1. State the number of residues belonging to region 45-57 that are part of a loop (DSSP other than H, G, I, E, B) and within 18 Å of residue 69 (Cα to Cα).
2. I'd like the full set of residues that are over 25 Å from residue 49 (Cα atoms) and within 15 Å of the ligand (Cβ to nearest atom), limited to region 91-141.
3. On the given criteria, is residue 74 in contact with a strand residue (DSSP E or B) (Cβ under 9 Å, 6 or more places away or on another chain) and either within 30 Å of residue 103 (Cβ to Cβ) or outside the structural domain of residue 113 (by TED's automatic domain parsing) (or both)?
4. Yes or no: residue 65 within 16 Å of the ligand (Cβ to nearest atom) and either more than 14 Å from the chain's Cα centre (by Cα) or touching a residue at least 24 places away in the same chain (Cβ under 8 Å) (or both)?
5. Being on the phi > 0 side of the Ramachandran plot and at pLDDT 95 or above, is that true of even one residue in region 57-78?
6. Find the helices (runs of 4 or more DSSP H) located wholly in region 73-189 whose residues include 2 or more that are within 19 Å of the chain's Cα centre (by Cα) and buried (at least 16 other Cβ atoms within 10 Å of the Cβ), and list them.
7. Scan 185, 202, 219, 150 and give me the residue that is in the same structural domain as residue 31 (by TED's automatic domain parsing) and at pLDDT 95 or above.
8. Failed condition for residue 40, given (1) touching a helix residue (DSSP H, G or I) at 6+ places or on another chain (Cβ under 6 Å); (2) under 15 Å from residue 156 (Cα atoms), with all others met?
Ligand code: ADE
């Protein structure tokens, strides 16, 4: 997968050299480039913002540098490697909620282009114009407001990269984690069997795989009902067996 990120703070993305994302980059599974939006300014102050039309607090990102950045990173002409246009992802508290389902959707793309807004946001015409040429998705991490899109891109990229084939050592873990089946994951334990007087549940040490699976399912349902009743309500009825309904 190819990923381009445009931001006025490229330094925010230093962590993308670390850990499994760094490894995915090193072994070519992820081709990632970070670009400074100010590259596409032409005045001495390298201006990227201005006051909002209609009044109001704060500043809005001007369209011209963004327009040039998107033209450069998503040219209409096919590149020599037959490259097509990317999907533009714009983090914004006004976007659609980011979910594991969306992470899978983004992981299936060959090229993602992230535009990190700062201040109050980006002039709407940038997104409207881009949408005439490529798919554009505004994505919100949750119902709160960050200073800008940079941290949101780090989160989205981490969720997406771990879904790319070959990135996770044990892809089986994707099937058992929280949100894999619309439920939260059951509690986890490792050695020692007793710690500060607290025991690992007996069933997990029993070696009885059917009982363990049932216990995990019950715990998963219990935890989801407690922390995220909205997720339980959204489960398709046919995904619950008689025992689930009793739990
Ligand atoms: N930028 C500012 N707040 C945000 C949020 N909640 N999600 C995504 N991007 C943002």
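1. Restricting attention to region 45-57, the residues satisfying the condition of being part of a loop (DSSP other than H, G, I, E, B) are 45-48, 51-57.
Next, from what is left, pick out any that are within 18 Å of residue 69 (Cα to Cα): 45-48.
Going through region 45-57 one residue at a time, the tally reaches 4.
2. Keep residues of region 91-141 that are over 25 Å from residue 49 (Cα atoms), which gives 97-111.
Within region 91-141, 97, 98, 99, 102, 103, 106 meet the criteria.
3. Working: in contact with a strand residue (DSSP E or B) (Cβ under 9 Å, 6 or more places away or on another chain): yes; either within 30 Å of residue 103 (Cβ to Cβ) or outside the structural domain of residue 113 (by TED's automatic domain parsing) (or both): yes.
For residue 74, the condition - in contact with a strand residue (DSSP E or B) (Cβ under 9 Å, 6 or more places away or on another chain) and either within 30 Å of residue 103 (Cβ to Cβ) or outside the structural domain of residue 113 (by TED's automatic domain parsing) (or both) - is met.
4. The answer is no for residue 65.
5. Quick first cut of region 57-78, residues on the phi > 0 side of the Ramachandran plot only: 58.
Narrowing the set further to residues that are at pLDDT 95 or above leaves 58.
Yes, that holds for at least one residue.
6. Working: elements: 100-107, 124-130, 150-161, 173-176.
So the answer is 100-107, 150-161.
7. Values: 185 fails: in the same structural domain as residue 31 (by TED's automatic domain parsing); 202 fails: in the same structural domain as residue 31 (by TED's automatic domain parsing); 219 fails: in the same structural domain as residue 31 (by TED's automatic domain parsing).
From the options 185, 202, 219, 150, the qualifying one is 150.
8. (2)
The values are calculated or read from the model by the stated rules, or taken from the named source; none is laboratory data. All values derive from a computational prediction rather than experimental measurement. Virtual Cβ from ideal backbone geometry, glycine too; neighbours counted across all protein chains shown.
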